[in-house]
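The values are calculated or read from the model by the stated rules, or taken from the named source; none is laboratory data. Since the model is a prediction, treat every value here as computed from it, not as a measurement. Don't worry about glycine lacking a Cβ; one is built from the backbone with ideal geometry, like all the others, and counts go over all protein chains shown. Calculation scope for accessible area: heavy atoms of the full protein, side chains included, ligands and nucleic acids excluded. Shrake-Rupley method; radii C 1.70, N 1.55, O 1.52, S 1.80 Å.
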Amino acid sequence: MSEREILSSAIQSILDNDKEKALAVAQKAIDSGSDLLNVLNEGFSEGIRQVGDLFERGEKFLPELIEAAMIMEKVTAALNEEIIKEMPDGIAKKGTMIIATVEGDVHDIGKGIVISMIKTQGIDVIDMGRDVGIEAIIDKALEYDADIIGTSALLTSTIEGMKKLEEELRRRGLRDRFRTIVGGAPVTQKFAEKIGADAYAEDAAEAVVKVLELLESSTG
Ligand code: B1M
């Protein structure tokens, strides 16, 4: 199977809600030494985005969206595991990052991809999961003496949580202690600047670049 066939089969398997096919395509990608991040981003993720578009147009219904998301979670977990396995041994630890999907939001597929990419750079990532409150995020960052706090949101109604996080960090006198990065489909560079976040990343590859820059700037 060529790289192009892998990508189109990955998209189709999600559109068809076909778990067996999706997992088989993921395995083929692993066995053939494909660029797994590309398979995730341009293949499976594109599939779930198309399902989302069909859902928005009323051509797919919520149970189908939920099923596609569950398949997506399984495939992402399998590929993420492989991406981490391919990490070279003995990579120096560069820093610690806390990451969470903000309160009221359960979307975490993209966050999972961001995490596995960042981990490959020797950064410890503590994943707090989804629907996480601001206080819990800050407490976890203090507990782990984190360098960076990353938040993800996929709903226009929940990105407000990112603004509240910035406000709460300032209120508690902790704003200079952590660097912050925000991401997720409705988040923009402009929004990040407006709320005072240190960085914004559009996708997982950019998140890696931005996180490394933040770590560099925090150590001088
Ligand atoms: Co929902 N959902 N969903 N959903 N869902 C969207 C986001 C939506 C756009 C669909 C639509 O209507 N077209 C819409 C939001 C509209 C809006 O507010 N603008 C929507 C809605 C309305 C809802 C519900 C309200 C539906 C309902 O109940 N009526 C409900 C809300 C639940 C809640 O959160 N409280 C809901 C539920 C769900 C499911 C549970 C079924 C499922 C989520 C399962 C899961 O995540 N475990 C789901 C899904 C799968 C989607 C879509 C189809 C796909 C999201 C996704 O996984 N994309 C989505 C439509 C779409 O995106 N076209 C949709 C693939 C993923 C790889 O991309 O998440 O963008 P993404 O992540 C990227 C970048 O954004 C970036 O890097 C990632 C990798 O490249 N990034 C970061 C993400 N986080 C980052 C953090 C960073 C940096 C970069 O730094 C910290």
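Close Cβ contacts (under 7 Å, 6 or more residues apart or on different chains) running from residues in the range 184-200 that are more than 20 Å from S217 (Cα to Cα) and near the ligand (Cβ under 8 Å from one of its atoms) to residues that are assigned to a loop (DSSP other than H, G, I, E, B) and open to solvent by less than 20 Å² (accessible area, probe 1.4 Å) comprise G184/A153; P186/A153; V187/A153.
Within the range 169-179, does at least one residue satisfy the condition of being of a type outside the set (S, T, Y), within 12 Å of the ligand (Cβ to nearest atom) and within 30 Å of L65 (Cα to Cα)? No, every residue in the range 169-179 fails to be of a type outside the set (S, T, Y), within 12 Å of the ligand (Cβ to nearest atom) and within 30 Å of L65 (Cα to Cα). Per the conditions (1) open to solvent by 40 Å² or more (accessible area, probe 1.4 Å); (2) closer than 27 Å to E160 by Cβ; (3) not in a helix (DSSP H, G or I), the sole criterion not satisfied by P88 is (2). Return yes or no: is G47 within 30 Å of D139 (Cβ to Cβ), without any contact (Cβ under 8 Å) to a residue 40 or more places away in the chain, open to solvent by less than 40 Å² (accessible area, probe 1.4 Å) and outside any loop (DSSP other than H, G, I, E, B)? So G47 does not fit the description; no. Counted as qualifying within the range 107-220 are the strands (runs of 3 or more DSSP E) with 1 or more residues that are of a type in the set (D, E, K, R), namely 123-127, 179-183. Here is a check on your reading of the model: is E59 assigned to a helix (DSSP H, G or I), more than 16 Å from the chain's Cα centre (by Cα) and either within 30 Å of S217 (Cβ to Cβ) or not polar (S, T, N, Q) (or both)? Taking the combined requirement at face value, the residue does not satisfy it. In the range 55-85, of all residues being closer than 21 Å to S9 by Cα, of a type in the set (A, V, I, L, M, F, W, C) and more than 9 Å from the ligand (Cβ to nearest atom), the one that is most open to solvent (accessible area, probe 1.4 Å) corresponds to A77.
With the structure loaded, tell me whether L155 is at pLDDT 95 or above and in contact with a Lys or Arg (Cβ under 8 Å, 6 or more places away or on another chain) or whether it fails that test. Break it down stepwise before answering.
Numbers: at pLDDT 95 or above: yes; in contact with a Lys or Arg (Cβ under 8 Å, 6 or more places away or on another chain): no.
In short, no.
When we screen A68, A78 for residues that are small (G, A, S) and within 19 Å of R130 (Cβ to Cβ), the only hit is A68. The single residue among L174, L154, L142, L165 that is open to solvent by 10 Å² or more (accessible area, probe 1.4 Å) and under 23 Å from V106 (Cβ atoms) turns out to be L154.
Could you please let me know if T151 is within 23 Å of I123 (Cβ to Cβ), of a type in the set (V, I, T) and within 15 Å of the ligand (Cβ to nearest atom)?
Values: within 23 Å of I123 (Cβ to Cβ): yes; of a type in the set (V, I, T): yes; within 15 Å of the ligand (Cβ to nearest atom): yes.
So T151 fits the description; yes.
Going by what's in this entry, would E202 be described as farther than 23 Å from L40 by Cβ, at pLDDT 95 or above and either open to solvent by less than 10 Å² (accessible area, probe 1.4 Å) or not small (G, A, S) (or both)? Against the criterion (farther than 23 Å from L40 by Cβ, at pLDDT 95 or above and either open to solvent by less than 10 Å² (accessible area, probe 1.4 Å) or not small (G, A, S) (or both)), E202 does not qualify. Look at (1) more than 10 Å from the ligand (Cβ to nearest atom); (2) surrounded by 21 or more Cβ atoms within 10 Å (Cβ to Cβ) and you find that T120 fails only one, number (2). Considered as a group, the residues in the range 92-111 that are β-branched (V, I, T) and farther than 19 Å from D139 by Cα include one that is farthest from the chain's Cα centre (by Cα), and that residue is V106.
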